[in-house]
Amino acid sequence: MMMEEQQSCAQRRMPRPQHNIGLHGREYIIAVLNGHPDNCYEMFRMEVYAFRALCDRLRRDVALRDSTREVTVEEALGMFCYTVGHGVVQRNSANLFQHSVETVNRHVYAIMRALCRLARHVIKPSQTTGVMPYIEGNPRYYPWFEKCHGAMDRVMIDAAVPSSVTNAYLNRYQRLAQNVLCVCDFNMKFTFVYAGWEGTAHDARVFIDALRRLENNFPWPQDDSAFPCTEGYMPPYPRVRYHRFERHGNRTFQGYKDLFNYLHSSIRIVIERTFGVLKRRFQLLKNMPEYRPTRQRYIIITCCAIHNFIRTITPNDQTFLAFNNPDDYPKMSMDQDNNEQFHVHDMSTASAQSMAASRDAIAQAMWMYTSGQQGNT
């Protein structure tokens, strides 16, 4: 009787491994990368070739190495891409890769830091001089926008909100939401990412802060009307219809300002398409978990870095192809108001007047040319 009780107690004290279902992480990664190519895209949001190339780049440029516990770079990157690609908590990744949550968290954090270092090399302007090929090759935009090198806008990245929240928590949630300012070129690649501002910050405030910090090396884009009109930045006319969906297919323009805003909107939609690709690929950005604000900021930067890397390595990536045609792309919901008035203390009046005069000259020349074309038909 005593022996049976001792055996029963011994059996109860023996640890039972939790992660013992299916392939272990190393075997799982090998099976995915050597299996059907759709599996890699479905699980990690990129093609096998891009995944392997990114692992090689991390090893070469940021000296990322396989861990001493036999977690390879491929497996660690798979954990990160699965987490941000599907918008899941790290416990889901632990179940998939058959590791503890602590192990997954450690390696996801290591990949995030490595990608942030890589971001310095992949998030940058691809062309700084001359006319952009996208502009030069399109008679709708050339020569009117020959000095335009990109488009600028901001996007709100929301933190997760529990089903039952108090007013105090809602106030805290407003502070956790991230206001991200981005610039992209006409190849749908980010050339500048400025994250970390709270969600309640005004666009102009974020914009001015980005300009003040010389280490940011801020580019000179075609920007949105919520940003100030100053030298190097040309927003559309306020209080004039802007977005294409406001026209309901009507191409009759009511003066040079209306025509300018229409073409400005047509060319600037590239930033909305770029955000569309980013959010479709990385579901975590649609509903960010309650990470610390600094962790949220790094995740946004790493997602933009992977976005650029995929665009460079596999330009025919299926997510990019889905947003490739501007005419087929629906208008994203924007929360800024084109009629909004604001006062920016740090922008000189002379600079604003100079850019406003340049905008008028372009818009009026554009209007005269278009009116002449219509009169000849």
Distance in nm between pseudo-label sites at Arg239 and Asn39 (7 Å out along the Cβ direction from Cα):
6.2 nm
Proximal lysines to Lys147, defined as alpha-carbon separation beneath 21 angstrom and excluding residues fewer than eight positions away on the same chain
Lys124, Lys189, Lys257
Listed highest first by mean packing, meaning other Cβ atoms within 10 Å per residue, what order do 29-36, 273-280 come in?
273-280, 29-36
More than 20 Å apart - percent of Cα-Cα pairs taken over segment 19-122
33 percent
Which residues in segment 22-49 place their backbone N less than 15 Å from a point set 7 Å from the Cα of Arg280 along the Cα-to-Cβ direction?
42, 45-47
So for each of 306-314, 101-109 I average, over its residues, the number of other beta carbons within 10 Å; can you give me the resulting order with the highest mean first?
306-314, 101-109
Run the simple label-point estimate for Met156 and Arg26 please: 7 Å along Cα→C-beta, distance reported in nm.
4.7 nm
If r is the Cβ-Cβ distance from Ala365 to Asn324 and R0 is 25 Å, what FRET efficiency results, to the nearest 0.05?
0.25
Determine, for each peptide in 143-151, 116-124, the mean count of other beta carbons within 10 angstrom over its residues, then list the peptides with the highest first.
143-151, 116-124
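Only the coordinates and a few stated rules stand behind these numbers; no lab work does. Treat the numbers as computed from the prediction; the structure is a model and nothing was measured. Note that we place each Cβ from the backbone using ideal geometry, even for glycine, and neighbour counts take in every protein chain shown.
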